[in-house]
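Shown next, in structure tokens, is the structure this report addresses.
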Amino acid sequence: MKKKLLVTLSFMLLVNIAPISVLADDIDQKIENQTKKIEDIVKNEKDAKDYLATLETEIKTIETEYQTVLSEKQKHEKEMNKLNTEISNLQTKIKKRDEQLRAQARTTQTNHEQESILTVLLSAESVSDAISKALAVNTLVTANNDILTAQKEDKKELDTLKVSLTKTLNTLEKKTEELEEKESALAEAKLEQNVKINEISASLANETAEKDKFIKQKEEAQKIKEAQLKAIAEEKKKEAAAKSAAEKQAQEQAKAKQAAPSQTAEVEEPANVTNTNTSNNDLAENTQQAPTPPASSGGWSAPVSNLTITSGFGGREDPTGISGSFHDGIDFGGASGTPIMAARAGEIVSANYSGMAGNHVVIKHDNGYYSYYLHMSSLSVAAGQSVSAGQMLGGMGTTGNSTGVHLHFSISTGLWSGFVNPAPFLGL
């Protein structure tokens, strides 16, 4: 009877293991599908980042070209200023020389009582005196004419240079405006690409969390399977021990009969024979169950409407290499601006910004615990304010020491100390 019971229990365990194996195969397929999705998203993210790098390179090139054009423009402006100064000086010289020429002309007319050159010649005392006077008058007139001609040519050349420089400056100013417009367009494209990368990162976080969920399901199924196989092995071990004990007892009884054949003895079942009737409770005790979280403390609610876990509580290498190897909270993925709510009523003791936590809120609760909401894009509350459970605190973001849009949610027994796993509080 006992042997029959053991066989029945073993059969039941084997029957239960079969669906678990099928379930594991199904989960493997889901993990494989999820891996392909993640690979596609990672490829899209890589392409987006490559395009962003191209935009940044183009912007740097334009900035360099812009600086070169600006430097050239400034150089020509300095030349234009220098040229204007030279033109002004030249105009002053011409004006002074004109005044000098007019003065010389008046002097000549006064000395000769407004006589013509013929009168000057006729009034000469001798031929040599006449020639000297004629040469003097002619030399003065010629010199003045040469000066005027040279001054006009200089001014004409300077005017030509001024026109050329003005044209060059106009060209450079136009090119500068074009470069500014192109740089502005590329900067806008860069911002749009950053938004796209954030969206891809959020999608990647969601798909990765989904894959982690399937992996966890597989691990749990594997644990159950191993526990059931262990239970079967234990039952077989007990059955073998019971069989060995029964055979030993039978041998001892046979020897006793041979030693006293005339005596009729009742063979009783030894009290110390191992009982092979294993109950369901004993089997349950031998089966290793998957760990379950402790009961909720009560009164807690989800800080976001969609609890997509991207990183759990406990040992984990920080992606940025700054915060160490222990993650003191749970990360929930989502889109930028996703509303974040108070997980429990309490008083806000901090609503501020820091380099590590970014925009964050810390709430002190009536049960002695503190809750933390980190990396927020914006804050809707202030320190000293009382909030109720479910009241909006701000939007989800990626400020501070963060590699993507998410909410880092923590619970502790002291302010910034004594962090505990938030999962049981939220019923996760």
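The values are calculated or read from the model by the stated rules, or taken from the named source; none is laboratory data. Keep in mind it's a predicted model, so treat the numbers as computed, not measured. When we count neighbours, we look across all protein chains shown, and the Cβ atoms used for this are built from the backbone with ideal geometry, even at glycine.
So here's what we get for this one:
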{"read-out": "Given (1) modelled with pLDDT of 80 or more; (2) over 34 Å from the mean Cα position of the chain (by Cα); (3) surrounded by 13 or more Cβ atoms within 10 Å (Cβ to Cβ), index of the condition residue 104 fails", "value": "(1)"}
{"read-out": "Qualifying positions in the range 328-343 - in a strand (DSSP E or B) and either surrounded by fewer than 18 Cβ atoms within 10 Å (Cβ to Cβ) or at pLDDT below 90 (or both)", "value": "339"}
{"read-out": "Single match in 392, 356, 341 (criterion: closer than 20 Å to residue 305 by Cβ, assigned by TED's automatic domain parsing to the domain that holds residue 419 and in contact with a Gly (Cβ under 6 Å, 6 or more places away or on another chain))", "value": "341"}
{"read-out": "Qualifying positions in the range 372-425 - within 15 Å of residue 340 (Cβ to Cβ), surrounded by fewer than 18 Cβ atoms within 10 Å (Cβ to Cβ) and in contact (Cβ under 8 Å) with a residue 60 or more places away in the chain", "value": "389, 390"}
{"read-out": "Qualifying residue in the range 366-386 (condition: charged (D, E, K, R), assigned to a strand (DSSP E or B) and in the same structural domain as residue 416 (by TED's automatic domain parsing))", "value": "no"}
{"read-out": "Selection from the range 41-59 of residues that are out of contact with any helix residue (DSSP H, G or I) (no Cβ under 9 Å at 6 or more places or on another chain) and at pLDDT 90 or above", "value": "47, 50, 53, 54, 57"}
{"read-out": "Enumeration of residues in the range 157-172 that are exposed (fewer than 12 other Cβ atoms within 10 Å of the Cβ) and of a type in the set (Asp, Glu)", "value": "157"}
